[in-house]
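Scroll down for the structure; my scribbles are underneath it.
The values are calculated or read from the model by the stated rules, or taken from the named source; none is laboratory data. All of these numbers come straight from a predicted model, not from anything done at the bench. Because the Cβ atoms are built from the backbone with ideal geometry, glycine has one as well, and the counts that use them run over all protein chains shown. Accessible surface areas use protein heavy atoms only, side chains included; no ligands, DNA or RNA. Shrake-Rupley method; radii C 1.70, N 1.55, O 1.52, S 1.80 Å.
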Amino acid sequence: MINEALVKYKEKILYSKDLLLSLEEIGLSKGDMLCVHTEIFSFGMPLLKKEDFLNKIIEIFKDILGKNGTLIMPTFTYSFCKNLDFDKLNSRSTMGILTEHYRKQNGVYRTNDPIFSFAISGAKAELLKKDCKSCFEKGSVYDVLKDEKGKLLIFGNQKLGYTFTHFIEEEALVSYRYFKEFNGNFIDEMGNKRQKSIKYYVRKLNEKSELDIDKVLKLLKQSNNFNTKNVANANITLIDTKKYYDIFYEMMKRDENFLLKE
């Protein structure tokens with residue numbers, strides 16, 4: 001891989017090799033199943049053209065993961081929550097410019113969830129293609145990620161990217177959420193339109209039900225599951241999803257309100 005200048009920050013330059021080594025330093029390795037939540041412009045001013053910059057970031061991830069690795073990015077649209085059609089090819093990701101770019105690449109498959117879709121490629125992509133009846137049920141992307149002892153990368157902003165907790169809430173069947181069915185038009189890769197329904201374990205808005213991200217971060221850190229490093233103007237953080245699930249699920253079963261805002 002050519003060592004290119006990626007971003008400028010505080011009169012310094014971050015090179016692609018520096019980013020690759022930093023990712024390896026926090027624990028990313030060959031063969032991993034990796035889900036990346038990104039805010040890439042936190043790092044600094046890009047020094048490559050937009051498409052070249054985005055391609056380079058993806059190349060770095062794939063270079064580390066290797067041929068046996070799997071790369072996942074959330075391409076959530078919340079389409080049915082907004083009474084919009086979900087078009088697999090054309091509904092834009094709301095999860096940042098890198099995820100929107102990644103989902104359009106050759107060899108990348110987008111899942112069918114009209115609320116929480118993911119873009120996936122790599123050795124174990126087939127495991128992640130289940131057409132689920134609820135967003136975070138058994139066999140969903142986060143469930144497979146956990147079972148495969150996958151890793152979650154928070155790339156750029158430590159306050160964003162903890163949707164995995166909602167998967168745990170559904171698994172624990174917390175009482176401050178309930179299953180709500182959403183319906184709408186689903187448009188597949190061939191342009192065929194059909195009706196689709198999906199259940200989402202939504203918050204009860206008339207009672208205390210909002211997660212406190214600071215509490216999520218505190219427990220991840222207390223459980224030594226928050227491998228982080230400052231890179232340029234931002235941070236990169238790697239989390240073991242199996243450990244994340246096991247500890248948070250057990251705590252929710254003891255006290256389901258422990259992560260909620262007061």
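A few points about this structure:
- Span from the segment 1-39 Cα centroid across to the segment 67-99 one, whole angstrom: 23
- Solvent exposure of residue 142, expressed as accessible area, is near 0 Å², computed with a probe of 1.4 Å over the protein chains only.
- At the residue level, residue 163 shows approximately 20 square angstrom of accessible surface with a 1.4 angstrom probe and all protein chains present.
- Segment 1-93 shape via C-alpha gyration tensor axes, a/c threshold 1.5: oblate
- In units of the compact-protein estimate 2.2 N^0.38 Å, the chain shows a Cα radius of gyration of 1.01.
- Extreme residue, positive dipole direction of the chain, given options 163, 53, 249 (C-beta unit charges): 53
- Cα shape, segment 108-202, gyration tensor, a/c 1.5 rule: oblate
- A Cβ-based charge dipole, computed about the Cα centre of segment 62-106 with Lys and Arg at +1 and Asp and Glu at -1, lands at about 80 debye.
- Dipole magnitude for the chain: about 220 debye, using +1 per Lys or Arg Cβ and -1 per Asp or Glu Cβ, origin at the Cα centre.
- Candidates 112, 183, 90: whichever shows maximal mean-square fluctuation once the chain is modelled as a Gaussian network with Cα springs under 10 Å: 90
- Helix-only [θ]222 nm of the chain, DSSP H runs n ≥ 4, -39500 (n - 2.57) each, per residue, nearest 500: -8500 deg cm²/dmol
- Above-threshold pairs, the threshold being 21 Å between Cα atoms, out of 159/261; 62/88; 204/253: 62/88
- Here the Karplus relation 6.51 cos²θ - 1.76 cosθ + 1.60, evaluated at θ = phi - 60°, turns the backbone of segment 110-121 into coupling constants of 9, 6, 8, 5, x, 10, 10, 7, 10, 9, 9, 7 Hz, with x for every Gly and Pro.
- The residues neighbouring residue 130, those whose beta-carbon lies less than 11 Å from its own, together hold a net charge of -2 under the Lys/Arg +1, Asp/Glu -1 convention.
- Of all DSSP bridge pairs formed entirely within the chain, close to 75 percent run antiparallel.
- Share, in percent, of DSSP beta bridges within segment 1-155 that are antiparallel, nearest 5: 60
- Between 33, 251, 190, the Gaussian network model of the chain with springs among Cα atoms under 10 angstrom shows the greatest mean-square fluctuation at 190.
- Dipole moment magnitude, nearest 20 debye, segment 11-144 about Cα centre, only Lys, Arg, Asp, Glu C-beta charged: 320
- Sites residue 127 and residue 188, calculated FRET efficiency, Cβ-Cβ separation with R0 25 Å, nearest 0.05: 0.75
- Pairs from 149/196; 124/199; 17/49 whose Cα-Cα separation, in the structure shown, is over 24 Å: 149/196; 124/199
- Accessible area of residue 203 in the full protein assembly, 1.4 Å probe (Å², nearest 10): 80
- Prolate/oblate/rounded call for segment 116-262, Cα gyration tensor, a/c under 1.5 rounded: oblate
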